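Undergrad: First the structure, which I've put down as structure tokens, then a few questions once you've had a look.
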There are 2 protein chains.
Amino acid sequence: MALGEFELIRAYFERSAGPRRALLGIGDDCALIRPGPDQSLAISTDMLVEGRHFFADVDPAALGHKALAVNLSDLAAMGARPLGFTLAMALPQADERWLAAFSRGLFALADAHDCELIGGDTTRGPLNLCITVFGEVPPDAALRRDGARAGDDLWVSGALGAPAWAVACRLTPEAFPMPGADCSGTGSNADSDARANAAPLRTALAAARLRLERPQPRVALGLALRSIASAAIDLSDGLVGDLGHVLSRSAAARAAPLGALIDWPRVPVDTALDHLPDSQRMALALSGGDDYELLFCAPVSARPALAMLSRSLGLTLTRIGTVTDQPGVQLLDAHGNRIDFHAAAFDHFR
Amino acid sequence: MALGEFELIRAYFERSAGPRRALLGIGDDCALIRPGPDQSLAISTDMLVEGRHFFADVDPAALGHKALAVNLSDLAAMGARPLGFTLAMALPQADERWLAAFSRGLFALADAHDCELIGGDTTRGPLNLCITVFGEVPPDAALRRDGARAGDDLWVSGALGAPAWAVACRLTPEAFPMPGADCSGTGSNADSDARANAAPLRTALAAARLRLERPQPRVALGLALRSIASAAIDLSDGLVGDLGHVLSRSAAARAAPLGALIDWPRVPVDTALDHLPDSQRMALALSGGDDYELLFCAPVSARPALAMLSRSLGLTLTRIGTVTDQPGVQLLDAHGNRIDFHAAAFDHFR
């Protein structure tokens, strides 16, 4: 017998004990929540579409993780503490195995961040997942995009480019060949070099896929940056494009031009990309997108605090450049010479 | 030249003067809002899918209206005052005429309720609209579903059944024939009765379509019911099914059985359905759905207050029955005899 809409919600999305953090959770016309005293509510929404944000054959548990992770990443970029989320989804059918895995992946990440499902909507249609997430942050402590100042250091968390490489390997294999990596010992015309390279490449690709499918939202970092960073954004559309958003909003807020210098040799490119030529590493790390690391600006005086924070979080934080009062983003090589590079933020309609 | 994602947002969804009701609006990682002192935030989300919630050829201005209206209706059912909303949408392409009309319909309703667009997400994909709406309500004043008591009167606003008839005329014309209504003077085999009936039927159908495409969320009624109603729900899935949600949650909250008696002759069936046999009027009004009126429970002592409220709002409020301590919903005819009727709430996966 087919699973009905209400049984589906009860079986996979309603949890035992009623609301923990909300005043009223799933099952009424609205959920009710209240941020703590002196806190504002930070709200973000992201919609994931099959074939655009994820491959049709993705592990549904990974999809449950990622649908929430990209939203938590927006809270992190705001310095907000996760509180709850709503989940609206269109499903082609009520597939119980899919739902079980999806909700398992979703709730594992939700529980790790004490972020509660407080409501939603379920309908039939082409697969579409829309999460709206709620966090709390004192309004004056929020990490906005528009607070960057000329002279600030530019910082980035983690390592960049691996998710974009995992996508590129699949979508444009001719541009990103994997010598020998597809032959699992049975291939006959792979040469010995290819066979020797295959195992480490396979390992690198598996790591990159994990970064793509299971991004770790930098919530703890965002909270710690409240008192340190002047501006922040999460890297979803590519470093240079997302940096452009910070610079344009900050310039508008100050009514003064702002730009940035990026030291390319300092950019923390994921080691999974070590085998690629520099031009591809550059394209993937600077405009690949899907990294869900934080890019942030901080005064020079914050360097010691950020070094300590990196150690305490066990998370690499890398100073990659400087905010300047000259418009435009320039990329510099090890000698301080300008590298010609064009990157645009990802655009769903271009 | 194709419209890009960011120009699209700027051209049709970012508005001039910055946030009015939010602390921070469109353009950062999150929006920031803060409910007033002693207020909680009421949150609801609804996803609309082409072919399921609306016809592919719907006027995009009406779709913009309806996408927000169904969400405002949830706030109304909670007694919450609209504050803001996020809009996530997947679009097959960036069609400027469509976007202009859609955003015009959306903002006309948003402005009428002083409800501000505070953020969103735009992507390419099969047409899908997901709005999450935020309102404020003192937590103790919220109109929950679980407050109904045996002895309460059952009330409904407006008139029921017209939207479901408009859908049925289109999906199952064989069951809902429109004699003569499709022949605009050129048909040759319509008899004279059909021609005489055609004009009033066309008028009725146009009115029903308007109710379907432009539902008016009962926000003012919801606010006024805060101090009067014991429970409320908005009618999206059909009266009997939605009443079932109120009864089951209220029974669970009291750990006691609850049911209802509905006086069928009192049910305010839309006059657009006057030409239909009673069996069809009953099916459309009791389980048709898409009405977006409020169904609420109130003590008998509230009758004078509700009569005054109906006059002051210029909105019909009809007492249609009683909450009882016997489980089940029974439908009674003019003589108090039970009418055999089966209705289930709409289920997207049945």
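Undergrad: Which residues, counting only those in region A:110-141, are under 19 Å from residue A:218 (Cβ atoms), surrounded by fewer than 23 Cβ atoms within 10 Å (Cβ to Cβ) and among the hydrophobic types (A, V, I, L, M, F, W, C)?
TA: Result: A:112, A:141.
Residue-by-condition table, conditions (1) farther than 18 Å from residue B:162 by Cβ; (2) at pLDDT below 95; (3) in the same structural domain as residue B:317 (by TED's automatic domain parsing):
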{"site": "B:184", "(1), (2), (3)": "yes, yes, no"}
{"site": "B:220", "(1), (2), (3)": "yes, no, yes"}
{"site": "B:227", "(1), (2), (3)": "yes, yes, yes"}
{"site": "B:232", "(1), (2), (3)": "yes, no, yes"}
{"site": "B:236", "(1), (2), (3)": "no, yes, yes"}
{"site": "B:262", "(1), (2), (3)": "yes, no, yes"}
{"site": "B:278", "(1), (2), (3)": "no, yes, yes"}
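Undergrad: Any residue at all in region B:65-75 that is polar (S, T, N, Q) and within 30 Å of residue B:298 (Cα to Cα)?
TA: Let us first name the residues in region B:65-75 that are polar (S, T, N, Q), namely B:71, B:73.
With within 30 Å of residue B:298 (Cα to Cα) added as a condition, the list becomes B:71, B:73.
Looking for residues that are polar (S, T, N, Q) and within 30 Å of residue B:298 (Cα to Cα), one finds at least one in region B:65-75, hence yes.
Undergrad: Identify all residues within region A:253-281 that are in contact with a strand residue (DSSP E or B) (Cβ under 8 Å, 6 or more places away or on another chain) and outside any strand (DSSP E or B); write none if there are none.
TA: A:258, A:264, A:266, A:267, A:268, A:270, A:281 - these are the residues of region A:253-281 that are in contact with a strand residue (DSSP E or B) (Cβ under 8 Å, 6 or more places away or on another chain) and outside any strand (DSSP E or B).
Undergrad: Please specify each residue of region A:232-245 satisfying the condition of being hydrophobic (A, V, I, L, M, F, W, C) and at the interface with another protein chain (Cβ under 10 Å from one of its Cβ atoms).
TA: Correct list: A:232, A:233.
Undergrad: Looking at (1) under 19 Å from residue A:63 (Cα atoms); (2) at pLDDT below 95; (3) part of a loop (DSSP other than H, G, I, E, B), can you tell me which one residue A:216 breaks?
TA: (2)
Undergrad: Still on this model: State yes or no: is residue A:285 buried (at least 21 other Cβ atoms within 10 Å of the Cβ) and in a strand (DSSP E or B)?
TA: no
Undergrad: Among the residues of region A:144-169 satisfying the criterion of being aliphatic (A, V, I, L, M), crowded, with 24+ Cβ neighbours inside 10 Å and more than 16 Å from the chain's Cα centre (by Cα), which is nearest to residue A:55 (Cα to Cα)?
TA: Step by step, filter region A:144-169, then rank; the result is A:154.
Residue-wise test of (1) in the same structural domain as residue A:275 (by TED's automatic domain parsing); (2) modelled with pLDDT of 85 or more; (3) not in a helix (DSSP H, G or I).
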| site | (1), (2), (3) |
| --- | --- |
| A:175 | no, yes, yes |
| A:188 | no, no, yes |
| A:194 | no, no, no |
| A:208 | no, yes, no |
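Undergrad: Just checking, does region B:321-335 include any residue being in a strand (DSSP E or B) and touching a Ser or Thr at 6+ places or on another chain (Cβ under 9 Å)?
TA: Yes.
Undergrad: Quick one: in region A:107-118, of everything that is on the phi < 0 side of the Ramachandran plot and outside any helix (DSSP H, G or I), which residue is nearest to the other protein chains (Cβ to nearest Cβ)?
TA: Out of the qualifying residues, it is A:118.
Undergrad: For region A:1-11, check the following and say yes or no: at least one residue is more than 8 Å from chain B (Cβ to nearest Cβ) and at pLDDT 85 or above.
TA: No - not one qualifying residue is present in region A:1-11.
Residue-wise test of (1) under 17 Å from residue A:76 (Cα atoms); (2) touching a Leu at 6+ places or on another chain (Cβ under 9 Å).
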site: A:221; (1), (2): yes, yes
site: A:229; (1), (2): yes, yes
site: A:236; (1), (2): yes, no
site: A:242; (1), (2): yes, yes
site: A:249; (1), (2): no, no
site: A:254; (1), (2): no, no
site: A:258; (1), (2): no, yes
site: A:262; (1), (2): no, yes
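Undergrad: Related question: Looking only at residues that are touching a Lys or Arg at 6+ places or on another chain (Cβ under 7 Å) and at the interface with another protein chain (Cβ under 8 Å from one of its Cβ atoms) in region B:36-62, which one is nearest to residue B:86 (Cα to Cα)?
TA: Ranking the qualifying residues of region B:36-62, first place goes to B:41.
Undergrad: From B:54, B:85, which residue is of a type in the set (Phe, Trp, Tyr) and at pLDDT below 95? Spell out the reasoning first.
TA: Numbers: B:85 fails: at pLDDT below 95.
Checking each option against the conditions leaves just B:54.
Undergrad: Moving on to the next point. So if I check each of B:83, B:87, which one is touching a helix residue (DSSP H, G or I) at 6+ places or on another chain (Cβ under 8 Å) and buried (at least 21 other Cβ atoms within 10 Å of the Cβ)?
TA: After applying the criteria, what remains is B:87.
Undergrad: If I go through region A:128-159 residue by residue, how many of them are in a loop (DSSP other than H, G, I, E, B) and more than 9 Å from chain B (Cβ to nearest Cβ)?
TA: 8
Undergrad: Assess whether residue B:266 counts as being surrounded by fewer than 20 Cβ atoms within 10 Å (Cβ to Cβ), outside the structural domain of residue B:76 (by TED's automatic domain parsing), within 22 Å of the chain's Cα centre (by Cα) and of a type in the set (Lys, Arg).
TA: yes
Undergrad: Yes or no: residue A:38 over 30 Å from residue A:167 (Cβ atoms) and either without any contact (Cβ under 8 Å) to a residue 12 or more places away in the chain or charged (D, E, K, R) (or both)?
TA: Numbers: over 30 Å from residue A:167 (Cβ atoms): yes; either without any contact (Cβ under 8 Å) to a residue 12 or more places away in the chain or charged (D, E, K, R) (or both): yes.
It is true that residue A:38 is over 30 Å from residue A:167 (Cβ atoms) and either without any contact (Cβ under 8 Å) to a residue 12 or more places away in the chain or charged (D, E, K, R) (or both).
This table checks each residue for (1) within 30 Å of residue A:243 (Cβ to Cβ); (2) surrounded by fewer than 20 Cβ atoms within 10 Å (Cβ to Cβ).
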| site | (1), (2) |
| --- | --- |
| B:11 | yes, yes |
| B:14 | yes, yes |
| B:20 | yes, yes |
| B:24 | yes, no |
| B:29 | yes, no |
| B:35 | no, no |
| B:40 | no, no |
| B:46 | no, no |
| B:51 | no, yes |
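The values are calculated or read from the model by the stated rules, or taken from the named source; none is laboratory data. The shown structure was predicted, so the numbers you read here are calculated from the model rather than taken from an experiment. Cβ: placed from backbone, ideal geometry, glycine included. Neighbour counts: every protein chain shown.
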